[in-house]
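First up is the structure itself, then whatever we jot down about it.
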Amino acid sequence: MTNRKKALLYGLATVGIWSTVASAFKISLRHLDPLQLLLCACAASLVALSGILAFQGKTSELKRVTRRELLRCVLLGALNPFLYYVILFRAYDLLPAQEAQPLNYTWAITLSLLSVPLLGQKMSLKDLAAILVSYFGVVVISTHGNLLALEFSNPTGVALALGSTIIWALYWIFNTRSTIDPTAGLFLNFLFGFPLILIATLTFSELPSFSTPGMLGAAYVGFFEMGITFALWLTAMKYAARPDGGGTARVANLIFLSPFLSLIFIHFLVGEEILPATVAGLAFIIAGNALMQYKGKKEATASTSAQR
């Protein structure tokens with residue numbers, strides 16, 4: 001099998017799994033509150049990531065981490081998984097999955113906005129147009145297409161979904177300075193984030209009682225959303241970057257399939273009736289993301305590394 005086919009195979013597998021996680025969030029939240037779901041999912045992700053490290057023969061990478069990098073991992077762990085998923089799961093708890101998922105997808109726009117003050121990047125007129133197009137899609141989805149009334153379906157949920165993109169963007173911006181192997185770094189982030197999640201759960205909620213649907217849902221989220229897909233995506237990008245791999249941009253573009261596939265799963269697994277405004281708004285968000293992605297090879301590299 002050629003590197004191009006391997007890159008495409010791993011990329012499609014990643015996108016296919018990512019397309020199911022919005023449904024998994026919503027179904028799991030029927031049995032667990034956001035903190036309980038995060039606690040169980042983070043535990044599952046640590047198992048998955050440690051298994052990946054062992055399979056790849058990278059456990060020795062953990063011994064080479066400097067104290068400075070360990071401190072960075074502690075701070076990054078506070079952002080992801082702790083703050084990011086607390087906010088995201090609460091947004092999913094308040095909003096229909098068909099609204100929360102596309103709104104969270106604006107993270108690429110948020111990343112570009114924050115890169116201006118934090119990384120010193122410049123913003124062109126095309127970038128501004130992309131931002132306006134994407135956030136017009138946000139308004140369409142949040143108002144269910146009733147643009148003139150500007151009455152948001154759930155203002156708190158919308159604010160949390162958009163707020164989660166700020167945390168995710170900050171995480172990737174600060175993560176660009178890390179010199180640790182990506183998988184080892186993610187494992188340490190989750191390892192240091194877990195105690196914060198446990199403390200928050202004990203303080204603001206309670207330890208979850210056993211529920212087969214809840215535990216299975218949390219395990220799925222932890223293994224796939226937070227663990228295995230990360231390794232699959234890195235593998236896809238590795239093969240794509242090789243001389244006969246077809247280029248990383250070709251694989252990165254597969255990410256645009258995910259939100260539309262996600263709506264299909266949301267309809268059949270969660271049982272939500274997909275509104276025309278959701279599809280229309282998502283189309284605007286994707287158009288804005290696509291416009292932002294094709295702004296130049298040098299700037300696109302950082303954005304591609306944070307794709308999800």
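Residues that are touching a Ser or Thr at 6+ places or on another chain (Cβ under 7 Å) and among the small types (Gly, Ala, Ser) within segment 113-138 comprise just one, SER134.
Within segment 129-160, being in a helix (DSSP H, G or I) and more than 23 Å from the chain's Cα centre (by Cα) holds for one residue alone: ALA129. Going by the structure shown, is SER45 in a helix (DSSP H, G or I), polar (S, T, N, Q) and surrounded by 15 or more Cβ atoms within 10 Å (Cβ to Cβ)? It is true that SER45 is in a helix (DSSP H, G or I), polar (S, T, N, Q) and surrounded by 15 or more Cβ atoms within 10 Å (Cβ to Cβ). Say whether the condition of being in contact with a Gly (Cβ under 7 Å, 6 or more places away or on another chain) and either closer than 24 Å to LEU76 by Cβ or surrounded by fewer than 19 Cβ atoms within 10 Å (Cβ to Cβ) (or both) is met by at least one residue in segment 219-231. So far as segment 219-231 goes, no, none of its residues is in contact with a Gly (Cβ under 7 Å, 6 or more places away or on another chain) and either closer than 24 Å to LEU76 by Cβ or surrounded by fewer than 19 Cβ atoms within 10 Å (Cβ to Cβ) (or both).
Considering only residues of segment 108-126 that are surrounded by fewer than 14 Cβ atoms within 10 Å (Cβ to Cβ) and over 19 Å from GLY163 (Cβ atoms), which is nearest to the chain's Cα centre (by Cα)? Once the filter is applied, the top-ranked residue is LEU119. Only one entry in GLU206, GLU225 is of a type in the set (Asp, Glu) and assigned to a helix (DSSP H, G or I), namely GLU225. With the condition kept exactly as written, say whether any residue in segment 173-181 is part of a helix (DSSP H, G or I), hydrophobic (A, V, I, L, M, F, W, C) and at pLDDT below 95. Scanning segment 173-181, I find at least one residue that is part of a helix (DSSP H, G or I), hydrophobic (A, V, I, L, M, F, W, C) and at pLDDT below 95, so the answer is yes. Taken as a whole, the condition of being modelled with pLDDT of 95 or more and assigned to a loop (DSSP other than H, G, I, E, B) applies to LEU32.
When we screen ILE141, ILE173, ILE166 for residues that are touching a Ser or Thr at 6+ places or on another chain (Cβ under 8 Å), crowded, with 16+ Cβ neighbours inside 10 Å and closer than 19 Å to GLY281 by Cα, the only hit is ILE141. Select from segment 48-69 the residues that are over 14 Å from LEU188 (Cβ atoms), surrounded by fewer than 18 Cβ atoms within 10 Å (Cβ to Cβ) and touching a residue at least 60 places away in the same chain (Cβ under 8 Å) and list them in ascending order. Within segment 48-69, just GLN56 meets the criteria. The set of residues in segment 241-296 being touching a residue at least 12 places away in the same chain (Cβ under 8 Å), within 26 Å of THR143 (Cβ to Cβ) and either charged (D, E, K, R) or not in a helix (DSSP H, G or I) (or both) consists of GLU272, ILE274, LEU275.
The values are calculated or read from the model by the stated rules, or taken from the named source; none is laboratory data. Nothing here was measured: the structure is a model prediction, and the numbers come from that model. So basically every Cβ, Gly included, is an ideal-geometry build from the backbone, and we count neighbours across all protein chains shown.
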